[in-house]
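Heads up: the structure comes next, in structure tokens.
The values are calculated or read from the model by the stated rules, or taken from the named source; none is laboratory data. These numbers come from a predicted model, not from an experiment. Cβ atoms come from the backbone with ideal geometry, glycine included; neighbour counts cover every protein chain shown. These accessible areas exclude ligands, DNA and RNA; they are computed on the full protein's heavy atoms, side chains included. Shrake-Rupley method; radii C 1.70, N 1.55, O 1.52, S 1.80 Å.
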Amino acid sequence: QVQLVESGGDLVQPGGSLRLSCAASGSIFRIYTMGWYRQAPGKQRELVARITSGGSTNYADSVKGRFTISRDNAKNTVYLQMNSLKSEDTAVYYCNAFPSVRFNWGQGTQVTVSS
């Protein structure tokens, strides 16, 4: 069973940047489209970005132009570069397959955008 470990979250001021990482324990994840999801307090988990095994990307309107998803299949890792962060980006960020969640959820990584 593939295990996912997210990291890179932090407290950052509005306008700041962060880079999140999602490391998978198994190489099978390489064949899947992977997504970054987030869940803010009191809200449902939502998809913010996804990347196919071949590298094609897609973004939620709320993050388009600010976030960039990438993957390194040799390292079994997916990244999320987040720039121009806003308070509404505050959430716990998770990665998983898309559109079907195929792996157990990791613990997530907390991103807090606040002055």
Protection proxy ranking of 68-81, 49-62, 85-98 - average other beta-carbon atoms within 10 Å, highest first
85-98, 68-81, 49-62
About the Cα centre of the chain, how large is the charge dipole given +1 on each Lys and Arg Cβ and -1 on each Asp and Glu Cβ? Please answer in debye to the nearest 20.
220
Taking 0.36 nm per residue of separation and subtracting the Cα-Cα distance, what length does fully extending THR112 through ALA23 add?
29.9 nm
In units of 2.2 N^0.38 Å, what is the alpha-carbon radius of gyration of region 2-115?
0.98
Hypothetical label at LEU47: residues of region 1-25 whose amide nitrogen lies under 14 Å (7 Å Cα-Cβ projection):
none
Could you do me a favour and compute the accessible area per residue for region 17-115, 1.4 Å probe, result in Å²?
50
If DNA, RNA and ligands are ignored and the probe is 1.4 Å, what is the ranking of GLU46, GLU6 by accessible area, most exposed first?
GLU46, GLU6
Could you calculate the FRET efficiency of ASN104 with ALA40 from 1/(1 + (r/R0)^6), where r is the beta carbon distance between them and R0 is 22 Å, rounded to 0.05?
0.55
